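The values are calculated or read from the model by the stated rules, or taken from the named source; none is laboratory data. All values derive from a computational prediction rather than experimental measurement. So basically every Cβ, Gly included, is an ideal-geometry build from the backbone, and we count neighbours across all protein chains shown. Surface accessibility is based on the protein's heavy atoms, side chains included, excluding ligands, DNA and RNA. Shrake-Rupley method; radii C 1.70, N 1.55, O 1.52, S 1.80 Å.
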Amino acid sequence: MIKKTIEIGYTEYSDIKELPEKQQNLIFAARKAAKNAYAPYSHFKVGAALLMEDNSVISGNNQENASSPVGSCAERTALYWANANFPEKKILAIAVTSLDKGGKKAKHLSPCGLCRQSMLESQQRFSSPIKVFIDNRDHILEIPDIESLLPLSFSNTSM
Ligand code: THU
């Protein structure tokens with residue numbers, strides 16, 4: 001028997017101004033997208049923004065449905081739109097943020113398992129790491145790639 005440990009490294013910023021302008025703008029785009037989310041059931045609005053290899057930004061938000069499994073998270077709304085319209089463009093980073101009923105960000109937002117799996121597919125499609133910025137109430141987290149969010153994952157290399 002061998003016991004093993006997986007460690008992930010990430011960076012925490014206490015102020016958005018600590019980030020380069022391009023990444024600040026990505027987070028601002030996610031914040032803007034969150035405002036347009038359709039979340040009449042959870043009242044939890046989420047915005048996501050993708051930084052593409054040509055420096056363009058594509059955003060999306062959660063889209064809920066009376067039949068709850070039909071709804072989509074912000075991350076997948078943005079990812080699928082990007083992949084559908086720009087199948088050749090690499091995605092360099094994704095920023096995610098939230099807005100609760102009172103207009104506050106979550107203390108600890110975290111992409112769900114489905115979105116992690118979906119982001120992993122995009123990352124592997126282009127063989128290039130996708131950085132994740134999580135815009136929480138009191139800090140911003142920068143996670144270097146999707147494997148860090150989904151260790152021991154199932155992927156095309158598992159088959
Ligand atoms: N949600 C997202 O859009 N992204 C996340 O990272 C977490 C959860 C959405 C799904 C649902 O519309 C609402 O937040 C509450 O779960």
### Task
Quickly estimate the mean residue ellipticity at 222 nm for the chain, helices only: each DSSP H run with n ≥ 4 gives -39500 (n - 2.57), and the total goes over all residues, rounded to 500.
-8000 deg cm²/dmol
### Task
Using the structure shown, select from Lys3/Lys89; Lys32/Lys107; Lys45/Lys131 the pairs with a Cα to Cα distance greater than 30 angstrom.
Lys3/Lys89
### Query
Expressed as a rounded percentage, what relative contact order does the chain have, with Cα pairs under 8 Å and six or more residues apart?
23 percent
### Query
Which value, in Å², gives the accessible area per residue of the chain when a 1.4 Å probe is used on the protein heavy atoms?
57 Å²
### Query
Leaving out ligands, DNA and RNA, what percent of the accessible area of the chain is carbon and sulfur, probe 1.4 Å?
53 percent
### Query
Could you give the dipole magnitude of the chain about its Cα centre, charging the beta-carbon of Lys and Arg +1 and that of Asp and Glu -1, in debye to the nearest 20?
400 debye
### Label point distance in nm, Lys35-Ile6, each placed 7 Å from Cα along Cα→Cβ
3.8 nm
## Note on the structure
Check: C-alpha center region 14-55 vs C-alpha center region 83-127, spacing in Å is 10 Å
### Query
Using the C-alpha atoms of region 49-159, what convex hull volume per residue, in cubic angstrom, is computed?
118 Å³
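Taking square-rooted eigenvalues a ≥ b ≥ c of the alpha carbon gyration tensor, is region 1-106 rounded, prolate or oblate, where a/c under 1.5 means rounded and, failing that, a/b exceeding b/c means prolate?
Taking the square roots of the gyration eigenvalues as a ≥ b ≥ c, region 1-106 is rounded.
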